[in-house]
Structure formats: structure tokens, C-alpha cells
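Engineer: The structure follows.
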Amino acid sequence: MRLLKRFLRDIGSKYKPVDVVNINNKRFSSTLDPPIDIPELVYTGTYLGQNKQRFEPSSILLQTLSDEPSTHKVYVDRDTAWLFVVGKDIFDENIVDRTAGVRLGGYCLVMFGEECIGYGRYETSRDLRVVKNLYDVGDFLRRE
Amino acid sequence: MSGREWFIERYRAMGSTLAGDETTPKAIRINSFRTTDEKLVETLTEQGVELEKIPYLDHGYKVQYSPFSLGASIEYLLGQYSLQETASQYPVQALLPTPEDRLLDMASAPGGKTTQAAAYMQNKGIIVAVDINRERLFATENNVERCRVINTSIHHVDALELPDEEGFTKVLLDAPCSGNYVTDKQWFKRRIMEDIERNAELQKRLITKALNLLVSGGVLLYSTCSLEPEENEQNVQWLLENHDVELVELKGPGAPAVTDTDSIDLDKKISYCRRFWPDVTGTQGFFVAKVVKR
């Protein structure tokens, strides 16, 4: 829970996951109660993400967090969104809007319209300000 | 008893006019709890994709043309649609799960029908998705996450090992089967009758297990992507003879199942099931049966 809590704090969220279940280092929030006892559970309810070097959030959790007014967000257009989901960072000039909480050195959700496509860290790289890609939904393609 | 000519002759004896070289176009299914058909069709059309509504499917569209891979678009990654062959979209639609259901998906990988069921259930109720193959279950997990499904628990278990307890209101048994030549170009070279008979026996065991897990009045939807009568009509005949169930008449796409040929003489009610002949439906081969447990 430590890495998950740190991630939520960094992103500006007040979300408090309940009924957290740990399966093979993956975290779920679930109250699902199958009608019969079935062994070998590998996934249940709302997938939150998994512990790696840092907490890697699920796309479900990211979307949930994006609904919170307090979370830090940058907004991008389709072309930039596409570059982001293939793993690229976002140049500052390609951010079309941002919430007040976005600060240099801080973390933010990357939004394409109302949809969260990942998150990153707003930082300086070679004198340029970028949102460094830390996770994007293109991960679904890279997993397979 | 194998080879292209032998199988084609067999299908023709059942009344089909198959040529054996039919194909199925790409199709997508729009995820109705993530977006609306209208909105997604507009978004994809703006990007140059040409879609055609499949009239008998609730959210199915044939892909006429796409300038990019539809399995890698932003909307796909956001779970707004799935790539799902036309005929394979029909079983869940025929089962029609609701938010009140406790649904068992007995051979769930790779999860296309699981996520489709979740959409019908509006992400409520509960889906228990099981599969014997751990590698393929990873695809189910990914699909469930991508489509933002939160009403599903996934278990790596052989459905035949589940305890015989009546707990589910609906069971989806999209059974492991011999497949068909439309989606497997090597099918005619690969398949012999022994495979089909072996699969039919496994399917009977799965059908029995499914019925043991259903509550009285619960619904079993049985489907295969096989064209072979042993895995389809003959298994339903066996089901009617060995279990206390009522066959539900399906009025959907495809043709009534085959009950009466030179080599087949089955209960006429089996025509309530639907058979997808690829030359007629423009899909892969498919078979769908629906029964209510008494």
C-alpha cells in the first residue's frame, strides 16, 4: 500500500481505496463475492495497479483519478496523445491546457479530452520542459 | 476421413453450398458502457475509417476500410471498442445477461465475450471467468482492464474441476472446439474426425458441468465455432436426452440448425438453435444453442 499511497499523493488525489486485495503483487479493490468457492484467483473487481520500482497504476485507476477535481492534469490534442501512447514524452508547447496543480518536478495525469491516457512527471530535460512519460495506455500493446 | 474435399462433401450433404474458401471481414464491437455507437462511429469516421452496421448485432460493425490498425488506436486502447468477429458477437447477445445476473464464463480466454457480457450487465452483477490456459488468461486480464470492466473475477482453473454447486443464473459455454476453415487457413490439412469426436466428448462433459453449476431456471448458452454436427446438433441432442432442460428458440441470424439429412435424424426442436454457414452469413462457421435448466 505504501507505493500506491505515495502515487495517489503525488498525483494530488484524495482517493482512498477500500477492500484492497493483493494477488501476485497486483492490487485490486473488490467486494465481489462469487456464488461458489473457486480456487486460483488471478484478478478481481477494480484493478488498481501493481508495485514495480514505483506503483504502476492501471488504466481503470487513472480514469477514476481523472474525475477528481484535485488531481493534476495536462490536456493534449490527438496528435500529441498518439505520440504519448507510443511512449514519447510531451513537450511543454504541445500541452493545450493544464490544471493549477501542475508544477515542475511534480506528477500529472495526461488527458485526451475526458479520457486519461497515462501519467508522467513534469520536468526539465535538456533545457526543455516536458511531461516525461511514466505510464501510458499503449502498454496494452507492449504487454502482448 | 479428412481433407478438404471430404469435409466440403460432408457440409453439402447437410444442405450447405459452401465452397471452402470463404472469408470473414474484420469487425468491431462498440463497448456500450464506455461510449455510444454514434460517438465512436463519428470519431473513427473522422479518421478515415469506413464502418457498416451489422443489422442483427446490437453494437457490431463491419470494417470496410481503415487507414490504420484498429487494434492500436487511442479509442481501442481506451476500451471504447474491441475487435471481435461478427458471428462470435452473437452468443452473448443471445444469452442477454443483465445487471442482476451471476454469470459463469466457462472458457473465457481471451476475454472478448467476457467484456461483452460485462457491457450487457452495465458492469454490475458478477462475472466469474475461468480458463484452463494461464497464458491465454493474461489476454483476458488485459481485455478486462482495457475495457474498464470491474464486475469480474478471473480464475486460472479447469472448469471441469469446479465444485458441483448451483450458484449461477447464467452460464456461457463457448466451448473449446475444432474451429473452422474460415479463421484457420490450415484447417483442412490439420483436422481429422478423431479430433472432432474427442472435442465432442469434452464438450459433453463441460455441458454437464455447466448445468450442475446453474440454478434451477438458469440459462446455459452453448456455442462453438465449429461446423461439425458432432460438436453442435448432436451434442444438443445428447443434452436433451440426458438433462432436464428446455431448448429456447433463437430467432437471430444464421440458419436453423440441421436436424434432418441422409445421415442425421435429430429432434426437430434442435432447429431452434442457429447455425452460421459462412457462405450465407459472410462470417466464420458458428453454432449457438440456448437452454433453460428446469
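The values are calculated or read from the model by the stated rules, or taken from the named source; none is laboratory data. All values reported here derive from a predicted model rather than from experimental measurement. Positions of Cβ are backbone-derived with ideal geometry, glycine not excepted, and every protein chain shown enters the neighbour counts.
Engineer: Exactly one condition in (1) within 10 Å of chain B (Cβ to nearest Cβ); (2) within 22 Å of B:Leu78 (Cβ to Cβ); (3) of a type in the set (A, V, I, L, M, F, W, C) is not met by A:Met111; state its number.
Structural biologist: (1)
Engineer: Every residue in region B:153-168 that is without any contact (Cβ under 8 Å) to a residue 40 or more places away in the chain and at the interface with chain A (Cβ under 7 Å from one of its Cβ atoms), please.
Structural biologist: Scanning region B:153-168 gives B:Ser153, B:His155, B:His156, B:Val157, B:Pro163.
Engineer: Being among the acidic types (Asp, Glu), surrounded by 15 or more Cβ atoms within 10 Å (Cβ to Cβ) and within 12 Å of chain A (Cβ to nearest Cβ) is true for just one of B:Glu141, B:Glu135. Which residue is that?
Structural biologist: B:Glu141
Engineer: Restricting to region B:192-232, give me the number of residues that are outside any helix (DSSP H, G or I), of a type in the set (S, T, N, Q) and farther than 16 Å from B:Leu95 by Cβ.
Structural biologist: 3
Engineer: Name the pairs whose Cβ atoms lie under 8 Å apart, with the first residue in region B:116-141 and assigned by TED's automatic domain parsing to the domain that holds B:Gln93, the second surrounded by fewer than 24 Cβ atoms within 10 Å (Cβ to Cβ) and aromatic (Phe, Trp, Tyr), and 6 or more positions between them or separate chains?
Structural biologist: That search, which allows pairs on different chains as well, returns B:Ala118/B:Phe33; B:Ala119/B:Phe33; B:Gln122/B:Phe33; B:Asn123/B:Phe33.
Engineer: Here's another thing I want to ask about it. Within region B:174-181, identify whether any single residue is more than 9 Å from chain A (Cβ to nearest Cβ), farther than 27 Å from B:Leu227 by Cα and assigned to a loop (DSSP other than H, G, I, E, B), and answer yes or no.
Structural biologist: No, that holds for no residue.
Engineer: Right, something else. Under the condition of being assigned to a loop (DSSP other than H, G, I, E, B) and over 23 Å from B:Ala210 (Cα atoms), which residue from region B:260-284 is modelled with the lowest pLDDT? Let's see the steps before the verdict.
Structural biologist: Going through region B:260-284, the residues assigned to a loop (DSSP other than H, G, I, E, B) turn out to be B:261-264, B:266-267, B:273, B:277, B:282-284.
Filter once more, so that each one left must be over 23 Å from B:Ala210 (Cα atoms): B:261-264, B:277, B:282-284.
Numbers: B:Thr261: 73, B:Asp262: 67, B:Ser263: 73, B:Ile264: 74, B:Trp277: 97, B:Gly282: 96, B:Thr283: 97, B:Gln284: 97.
In this case the residue turns out to be B:Asp262.
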